[in-house]
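**Student:** Here it is, the structure, as structure tokens.
The values are calculated or read from the model by the stated rules, or taken from the named source; none is laboratory data. Keep in mind that this is a model prediction, so the values were computed, not measured. Counting neighbours? That spans all protein chains shown, and the Cβs are built from the backbone with ideal geometry, glycine included. Calculation scope for accessible area: heavy atoms of the full protein, side chains included, ligands and nucleic acids excluded. Shrake-Rupley method; radii C 1.70, N 1.55, O 1.52, S 1.80 Å.
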Amino acid sequence: KSAFSDIDLSTLIDDVELLSQGDASKEIRRYLQNQQYKNAREVPLDFFEEYDCQNNLPPESYDLDGGFVGRWEEIKTLKKLIKSEQDRIVSITGAGGVGKTAIALRLAYLFLSDHENLFDAIIWFSAKTSKLTDEGIVPLTPGIKSDEQLTTDLLAIVDPKSLESFRNARVPFSSFQQHLYNIFSSQKCLIIIDNLETILQNDTLISLIKDIPRPSQVLITSRKGLGEIERRYPLTDMLEKDAIQLFRIIAKERK
């Protein structure tokens, strides 16, 4: 329920039409034929899910790209890799625009809504410096700038009280970092770093990410990956049937 795109609406309408065959369904069929659902203005509050798992995930916003289509085999494999706990760091690699960010975000929400969710917290940070929109490529302020900033931002999510105490006591930065690692070793957190390639040259930042201890895990999206201590999952082209479906949706939206 975190995202309800045009493809979800189209699928829902098809399903309702399939079920609405009898005389008792006349009003429903008329509602659909007149497209009265387009008059809806408010989404009921109980439509939105509340999660026990601590998280800072951004909203799923795939509508500009036609909605989330296909990629279920990839998600199934990545979910299995993370659940196996054999690899502390998993990287989704591939060319720009192939769908790495969308898959990582969808995967995060699937873990979040799973009643057997493995994680105490799911934390998202993006190092993305630009974004493709209807108006073209627009610059973004990256969410990761330094190891100090990333450490304090992580603590602000998992233990804001200690962060405030450390700041008031003016303890050295190494204490911030050690406390963060203690949390990650006593709780099971999933830390997601999107667009890692933009910070690969920052050695202290990369060291911070590499040293995150078990049982916590790291999921990365990158054109390159870390290159040594990770399980790399190369993302290839979409299945042809999914690509055609996506193309049709975008063509319909763009008229």
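**Student:** Over region 88-203, how many pairs of lysines fall under 22 Å by alpha carbon, counting only those 8 or more apart in sequence or from different chains?
**Tutor:** 6
**Student:** Return one whole number: the accessible area per residue of the chain in Å², for a 1.4 Å probe.
**Tutor:** Working: 15250 Å² over 255 residues.
Accessible area per residue: 60 Å².
**Student:** How much mean residue ellipticity at 222 nm does the chain get from its helices, if each DSSP H run of length 4 or more adds -39500 (n - 2.57) and you divide by all residues, to the nearest 500 deg cm²/dmol?
**Tutor:** Here the helix-only value at 222 nm equals -13000 deg cm²/dmol.
**Student:** Now for a separate question. Where the accessible area of the chain is counted over protein heavy atoms with a 1.4 Å probe, how much of it, in %, is carbon and sulfur?
**Tutor:** Details: 7640 of 15250 Å².
The computed percentage sits at 50.
**Student:** In the structure shown, do any of LYS76/LYS224; LYS80/LYS255; LYS83/LYS210; LYS224/LYS252; LYS38/LYS252; LYS79/LYS224 have a Cα-Cα gap over 27 Å, and if so which? Each step should come with its number before you reach the end.
**Tutor:** Numbers: LYS76/LYS224 22 Å; LYS80/LYS255 39 Å; LYS83/LYS210 19 Å; LYS224/LYS252 34 Å; LYS38/LYS252 16 Å; LYS79/LYS224 21 Å.
Those over the limit are LYS80/LYS255; LYS224/LYS252.
**Student:** A further question follows. Can you give the angle from 0 to 90° between the axis of helix 173-186 and the longest principal axis of the chain, with both taken from C-alpha atoms, to the nearest 10?
**Tutor:** 60 degrees
**Student:** Next question. Where is the GNM fluctuation largest for the chain (alpha-carbon springs, 10 angstrom cutoff): GLY136, GLY96, GLY225?
**Tutor:** In the Gaussian network model the winner is GLY136.
**Student:** Now a separate question. How far, in degrees from 0 to 90, does helix 72-84 lean away from the longest principal axis of the Cα atoms of the chain, to the nearest 10?
**Tutor:** 30 degrees
**Student:** Beyond 19 Å, what share of the Cα-Cα pairs of region 120-255 is found? Please give it as a whole percent.
**Tutor:** Tail fraction, whole percent: 60.
**Student:** Quick one: length gained pulling ASP8 to ALA24 fully straight, 0.36 nm per residue minus the C-alpha distance?
**Tutor:** So the chain would gain 3.3 nm between ASP8 and ALA24.
**Student:** Rounded to two decimals, what ratio of Rg to Rh does region 97-196 give with C-alpha atoms and a Kirkwood Rh?
**Tutor:** Answer for region 97-196: 1.04.
**Student:** Springs between alpha-carbon atoms under 10 Å, Gaussian network over the chain: tell me which of ARG167, ARG71, ARG29 tops the mean-square fluctuations.
**Tutor:** Answer for the Gaussian network model of the chain: ARG29.
**Student:** Please identify the longest segment of the chain free of exposed chymotrypsin sites (Phe, Trp or Tyr not before Pro), where exposed means a DSSP state other than H, G, I, E or B and no more than 16 other Cβ atoms within 10 Å.
**Tutor:** The longest uninterrupted stretch comes out as 52-255.
**Student:** Using alpha carbons only, how many angstrom separate the centre of region 212-255 from the centre of region 170-209?
**Tutor:** 23 Å
**Student:** Just how large is the dipole of the chain about the Cα centre, in debye to the nearest 20, putting +1 at every Lys and Arg Cβ and -1 at every Asp and Glu Cβ?
**Tutor:** For the chain, the charge dipole is close to 400 debye.
**Student:** Would you mind telling me which residue in ASN168, ASN182, ASN117 has the biggest mean-square fluctuation in a Gaussian network model of the chain, where springs connect alpha carbons within a distance under 10 angstrom?
**Tutor:** Fluctuation is largest for ASN168.
**Student:** Still on this structure, please answer the following. Dividing the convex hull volume of the Cα atoms of the chain by its residue count, what figure in Å³ per residue is obtained?
**Tutor:** Looking at the chain, the number lands at 169 Å³ per residue.
**Student:** Students often forget the sequence filter, so: which aspartates and glutamates lie under 19 Å Cα-Cα from LYS26 once same-chain residues fewer than 8 apart are removed?
**Tutor:** The qualifying aspartates and glutamates are ASP14, ASP15, GLU17.
**Student:** Starting from the Cα of LYS131, step 7 Å along the direction of its Cβ; do the same at LYS255; then give the gap between the two resulting points in nm.
**Tutor:** So the two model labels end up 2.6 nm from each other.
**Student:** Report the charge-dipole magnitude of region 80-195 in Debye, nearest 20, computed about the Cα centre from +1 at each Lys and Arg Cβ and -1 at each Asp and Glu Cβ.
**Tutor:** About 120 debye.
**Student:** Moving on to the next point. With everything on Cα atoms, drop me the angle between helix 147-158 and the longest principal axis of the chain, reported from 0 to 90° to the nearest 10.
**Tutor:** 60 degrees
**Student:** Also, I was wondering about something else. Between exposed GluC sites (Glu not before Pro) in the chain, where DSSP calls loop and at most 12 other Cβ atoms lie within 10 Å, what's the longest gap?
**Tutor:** 136-227
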